[in-house]
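Novice: Below: one structure in structure tokens.
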Amino acid sequence: MKRALITGITGQDGAYLAKFLIKKNYKVYGTFRRTSTPNFWRLKYLKILEKINLIPSDILDYGSIYQSIKISKPNEIYNLAAQSFVKVSFEQPSVTTELDGVSTLRYLEAIRLLNPKIKFYQASTSEIYGNQIKKKINEETKMLPSSPYGAAKLYSFHTVKIYRAAYNLFASNGILFNHESPIRGLEFVTRKVTNAAAQIKLGLIKKLELGNLDIFRDWGNAEEYVEGMWKILQHKNPDDFVVATGKSYSIRNLLSFSFSRLGLDWRKYVVQKKSLYRAVDVRHLLGDCKKMKKIIGWYPKIQFKDTVEQMVDEDLKRWTDKINGKSFPWDAENYPTNIKVVYRKRKKY
Ligand code: NAP
């Protein structure tokens, strides 16, 4: 039986990857950090919590990383843990750099010292490219990140390549473009929209405030992308791969898909706020996954509209169940939409 260690198992991708690997008959270990309130709702939602071997470990803490590898003795490590929200990387740049940059080095060092045969997958991101207006991005495109998040992930990207070259480690970067699902974090625009659309439909809220609607993204489906991660580690050689759909949609498209699923016209409910604009934002991201298709044999099949409709349906069901007094694993009821959060004033981000 193969053994896998997943960091960030409580997040969107970690939960779906765990489900996928359990189906593949892996023994799955996952690390989680200590929080004052346990955060296993995604694993419960996917009905896999009891099938996972959980190890407490914080990715800032080298000793606990080392121990997690010693305990799990993995054939494969999937390094998904990160501070994954670009906006927060402007508010908390130092910790984002530690988490999304230096922690990757910690894992690679621990692998080098403990067992250099362990295969390592690094969760890289399209944000390492920064603004590439209307250009299709592939592995050869120049990398010019425009956020502390992108810069930290670029450090990780290069560190993986360095350890591959210097120590012959099997370490690969999956350069994933945005990917979504009903268990996406609520601060990300897709889920923010589908969750609000469901609440508006049920009369629970009246408006949705958003920033720039002319942002374009290449949005994929998270469940489908985790299979791509696994396939990258099954290839005979370690390498770096763009994982994308090759199609981009605007936030206006996202709004239209979401609200029309519920028979609503989004223009009646969405308020655009200049204060929510980001001065340094990546306006347009579009990926080209030809290498992934040719070498790995993976390509995306699910359309963005179908993913959005799945998210809307699930959010509507959850709010309806909540109204009817049902209890189930979920994030939205604890999310501070109506609580005043005071951000420091900045001229830009
Ligand atoms: P996510 O839902 O935000 O999950 C992040 C995970 O990292 C959570 O399990 C979180 O734990 C964990 N984590 C954060 N800080 C930690 C710490 N100090 N110690 C241990 N664990 C920590 O992100 P995701 O969407 O699943 O993304 C997975 C990875 O892919 C991330 O590295 C992300 O940057 C990258 N990526 C994502 C996308 C995308 O569109 N989703 C695209 C490209 C790349 P808690 O649950 O305790 O917070």
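Novice: When the Cα atoms of region 110-247 are enclosed in a convex hull and the volume is divided per residue, what value in Å³ results?
Specialist: 141
Novice: Here's something else I'd like to know. Using alpha carbon centroids, what distance separates region 266-290 and region 190-209, in Å?
Specialist: Their Cα centres are 17 Å away from one another.
Novice: Could you tell me which of Trp230, Phe40, Leu186 has its Cα farthest along the dipole of the chain towards the positive end, charges placed at Cβ (Lys, Arg +1; Asp, Glu -1), taken about the Cα centre?
Specialist: Going by the Cα projections, it comes out as Leu186.
Novice: I'm a student and want to see the number: the projected area of the Cα convex hull of region 16-162, averaged over all directions, in nm².
Specialist: 10.2
Novice: Could you compute the FRET efficiency for Leu264 and Lys51, with r as their C-beta to C-beta distance and R0 at 45 Å, rounded to 0.05?
Specialist: The computed FRET efficiency comes out at 0.70.
Novice: Let me ask you something else. For Ile133 and Val342 in the same chain, what is the full-extension length gain: residue separation times 0.36 nm, less their Cα-Cα distance, in nm?
Specialist: 72.0 nm
Novice: Right, something else. Counting only other residues whose beta carbon sits under 9 Å from that of Tyr26, what net charge do I get with K and R as +1, D and E as -1?
Specialist: +4
Novice: Regarding region 1-89, what is the average projected area of its C-alpha convex hull, in nm²?
Specialist: 6.0
Novice: OK, next. If each Cα of region 255-312 is one equal point scatterer, what is log10 of I(q)/I(0) from the Debye formula at q = 0.12, 0.16 Å⁻¹?
Specialist: Computed log10 I(q)/I(0) values: -0.54, -0.82.
Novice: Also: Which log10 I(q)/I(0) values, to two decimals, does the chain give at q = 0.12, 0.15, 0.16 Å⁻¹ under the Debye formula with one point per Cα?
Specialist: Taking Cα atoms of the chain as identical point scatterers yields -0.88, -1.41, -1.58.
Novice: Evaluate E = 1/(1 + (r/R0)^6) for Glu209 and Asn168, where r is the Cβ-Cβ distance and R0 equals 56 Å; express this FRET efficiency to the nearest 0.05.
Specialist: With R0 = 56 Å, the Cβ-Cβ based efficiency is 0.65.
Novice: When the Karplus curve 6.51 cos²θ - 1.76 cosθ + 1.60 is applied with θ = phi - 60°, which whole-Hz ³J(HN,Hα) does each residue of region 159-171 get, with x for Gly and Pro?
Specialist: So the Karplus estimates, Gly and Pro as x, are 5, 4, 5, 5, 5, 5, 6, 7, 10, 6, 6, 7, 10 Hz.
Quick note: the coordinates plus some simple rules give every number you see, no bench work behind them. Since we're looking at a predicted model, the values are computed, not measured. With ideal geometry, Cβ positions are generated from the backbone for all residues, glycine too; neighbour counts draw on all protein chains shown.
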